[in-house]
Amino acid sequence: MGFRINTNIGALNAHANSVVNSNELDKSLSRLSSGLRINSAADDASGMAIADSLRSQAATLGQAINNGNDAIGILQTADKAMDEQLKILDTIKTKATQAAQDGQSLKTRTMLQADINRLMEELDNIANTTAFNGKQLLSGNFTNQEFQIGSSSNQTIKASIGPTQSSKIGVTRFETGSQSMSEGVVNMVIKNYNGIEDFKFQSIVISTSVGTGLGALAEEINRSSDKTGVRATFDVRTVGAYEIKAGVTSKDFAINGVTIGQINYKDGDENGQLVAAINSVKDTTGVEASRDENGKLVLTSRDGRGIKITGDIGVSSGILASQKENYGRLSLVKNDGRDIDIGGTGLSAIGMGAADLISQNSVSLRESKGQIDANTADAMGFNAFKGGGKQVIVGYTSVSSYMSAANTGFSAGSGFSVGSGKNMSIGLGAGAIFISSMSAASAVFNVSAGSGFSVGSGNSQFATFKVSAGNGAGVTDKNAGVTTLKGAMAVMDIVETATTNLDQIRADIGSVQNQLQVTINNITVTQVNVKAAESTIRDVDFAAESANFSKYNILAQSGSYAMSQANAVQQNVLKLLQ
């Protein structure tokens, strides 16, 4: 055994080990005090890189969850606003339904329309003021808005909220055919009713028999309206061209094959004899007679079969020869603004053939608030005749003579001449009566001088007029909204469309809300798992680390003892020198 003084190997070894133990003890104390296994890159370089990546992902996922909750908040704000709009629409439809019965006067209908106008203003106010963090939600500008829902860029969910103003919702398609003047068999097809397929209806006979006519066709169409989205109404109504004058019918006078016989009637049908005689057989003919506010004779088919007059009802009745056979006008309504594409055979029997002028228009909820313009009213089916009634054109003998006249603007080459393909001549021919002169008018309508209707009397009901493109004979504007029975029913259709539109928008944002919620749930779980993975790498295991601390603490103490003993060993050299 050697004894060395200058170099105490034992003490050096004890010191070296003590330094190592002290470093490990420091690391253990650092871990225990911070709760982290990795306090510096030196602790675990690769582990730190992975843990930092996981920490970044977890933080990003946390913000993505916040983004998703913000998006849900936006959509819920819009949803609640639309819920209030739907309540407004329910109230409007209730008031329109209230107006859709002839027990209402113009005054009460006008009051109902005033209420509806206020409700529409509030509906628009909600649409224009609903906002989230200053961003308008229901004005139509909230389209393709993106929300970052993920830890990497472009992991987004898009949301759109359609406009809900009264001018943008409720766009309803109205189409009304020309007046049908002949019998036939119609096979109607609604083309591409669902965007892909055609819908074919069974054959319907258009005639004066029970169970036929536009009434039967409307019933067939309405039976499948849940599939096609198209509903139908009809107006089979023959209206006299002028007030009833004293006259007599022939003995063979009949309606729809039922003989009524000879009737002597007075001016204005004063004692109601003509109306009463026609109504005495109305259960058989299906035709009911009445006088309108202007004293004109009105024949109405309640069940939609045709009205055919045979024999002679008398020119004084106001029923012209061209009106003695009438199968009415068919009106179609669709709860969106798309065209109702009709096909099939025999369509001329319902006034919707290739040569017929079909009045058509798409109307929004706001448009029903104001005066209904002439063409829209005709498309809605306000008129029994195309354009509202037969008009008298004095000074011309035919459509051709009128349309080729220099002052009409429809001369050859104008684009509206006879046979030009614009159908103007057809529409004019269906809506007008041509009289060569006022004297001829007096003869045709059986009015003598001094009656108040003679030439130059100043009260002539026969007047010239000029037809403009797109504005057929006799077309007139109608009162606003629910102030008429037809208008009230049209408003009901439009409000139903508006309700469907809003429900569709709500359904869309409801689907996005569900998508967002599912995404939030998913990334919440992902965030938890990412944090768990980071914790496994970065966080200290206190059980294991406390054991390490105890070990290194004991080693530190034993190291100190070893160093003291190593120093004490050198004292043995002194014994050799004694």
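The values are calculated or read from the model by the stated rules, or taken from the named source; none is laboratory data. Because the structure is predicted, anything quoted here is derived from the model rather than measured. Note that each Cβ is placed from the backbone with ideal geometry, even for glycine, and that neighbours are counted across all protein chains shown.
For the residues 153, 105, the requirement of being surrounded by fewer than 15 Cβ atoms within 10 Å (Cβ to Cβ), within 30 Å of residue 526 (Cβ to Cβ), free of Cβ contacts under 8 Å to residues at least 12 places away in the same chain and of a type in the set (Ser, Thr, Tyr) singles out 153. Being modelled with pLDDT under 90 and within 30 Å of residue 570 (Cα to Cα) narrows it down to one residue among 45, 51, 41, 11; which is it? After ruling out the rest, the residue left standing is 11. No other residue among 145, 179 is closer than 25 Å to residue 63 by Cβ and over 15 Å from the mean Cα position of the chain (by Cα) apart from 145.
So that you can scan it fast, the table gives a plain yes or no per residue for (1) touching a helix residue (DSSP H, G or I) at 6+ places or on another chain (Cβ under 6 Å); (2) surrounded by 14 or more Cβ atoms within 10 Å (Cβ to Cβ); (3) assigned to a strand (DSSP E or B):
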{"site": "529", "(1), (2), (3)": "no, no, no"}
{"site": "532", "(1), (2), (3)": "no, no, no"}
{"site": "535", "(1), (2), (3)": "no, yes, no"}
{"site": "552", "(1), (2), (3)": "yes, yes, no"}
{"site": "555", "(1), (2), (3)": "yes, yes, no"}
{"site": "559", "(1), (2), (3)": "yes, yes, no"}
{"site": "563", "(1), (2), (3)": "yes, yes, no"}
{"site": "567", "(1), (2), (3)": "yes, no, no"}
{"site": "573", "(1), (2), (3)": "no, no, no"}
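Within region 183-203, being touching a helix residue (DSSP H, G or I) at 6+ places or on another chain (Cβ under 7 Å), closer than 16 Å to residue 332 by Cα, part of a loop (DSSP other than H, G, I, E, B) and of a type outside the set (Ser, Thr, Tyr) holds for one residue alone: 201.
Of all positions in region 108-117, none carries a residue that is crowded, with 19+ Cβ neighbours inside 10 Å and out of contact with any helix residue (DSSP H, G or I) (no Cβ under 8 Å at 6 or more places or on another chain).
In the set (1) at pLDDT 90 or above; (2) of a type in the set (A, V, I, L, M); (3) closer than 30 Å to residue 572 by Cα, the condition left unmet by residue 20 is number (1). Where residues in region 322-375 are of a type in the set (Asp, Glu) and over 24 Å from residue 484 (Cα atoms), which of them is farthest from the chain's Cα centre (by Cα)? Out of the qualifying residues, it is 325.
Here is a yes/no grid of residues against (1) in contact with a His (Cβ under 6 Å, 6 or more places away or on another chain); (2) farther than 30 Å from residue 185 by Cβ; (3) of a type in the set (A, V, I, L, M, F, W, C); (4) assigned to a strand (DSSP E or B):
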site	(1), (2), (3), (4)
298	no, no, yes, yes
319	no, no, yes, no
330	no, no, yes, yes
344	no, no, no, yes
349	no, no, yes, no
353	no, no, no, no
361	no, no, no, yes
376	no, yes, no, no
382	no, no, yes, no
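Here residue 233 clears all of (1) under 21 Å from residue 314 (Cα atoms); (2) β-branched (Val, Ile, Thr); (3) within 42 Å of the chain's Cα centre (by Cα) except the condition numbered (1). For region 60-80, the criterion of being free of Cβ contacts under 8 Å to residues at least 60 places away in the same chain and either within 24 Å of the chain's Cα centre (by Cα) or surrounded by 17 or more Cβ atoms within 10 Å (Cβ to Cβ) (or both) is met by at least one residue.
So, of the residues in region 276-296 that are part of a loop (DSSP other than H, G, I, E, B) and not hydroxyl-bearing (Ser, Thr, Tyr), which turns out to be nearest to residue 352 (Cα to Cα)? By that ranking, first place goes to 286. Pairing residues of region 211-230 that are in contact (Cβ under 8 Å) with a residue 12 or more places away in the chain and more than 21 Å from residue 181 (Cβ to Cβ) with residues that are in a helix (DSSP H, G or I) and of a type in the set (Val, Ile, Thr), at Cβ distances under 6 Å and at least 6 apart in sequence or on separate chains, gives no pairs at all. Reported count of residues in region 256-283, each being among the acidic types (Asp, Glu), more than 46 Å from the chain's Cα centre (by Cα) and either closer than 19 Å to residue 208 by Cα or surrounded by 13 or more Cβ atoms within 10 Å (Cβ to Cβ) (or both), is 2.
Of the residues 286, 314, which single one is surrounded by 17 or more Cβ atoms within 10 Å (Cβ to Cβ) and more than 14 Å from residue 240 (Cα to Cα)?
Just one listed residue meets the conditions, 286.
Of all residues in region 212-229, none are under 23 Å from residue 379 (Cβ atoms), buried (at least 19 other Cβ atoms within 10 Å of the Cβ) and touching a helix residue (DSSP H, G or I) at 6+ places or on another chain (Cβ under 6 Å).
From the list 83, 43, the one residue that fits, being touching a strand residue (DSSP E or B) at 6+ places or on another chain (Cβ under 9 Å) and charged (D, E, K, R), is 43.
Among the residues of region 102-155, those identified as hydrophobic (A, V, I, L, M, F, W, C), assigned to a loop (DSSP other than H, G, I, E, B) and either closer than 23 Å to residue 170 by Cα or modelled with pLDDT of 90 or more (or both) are 137, 138, 142.
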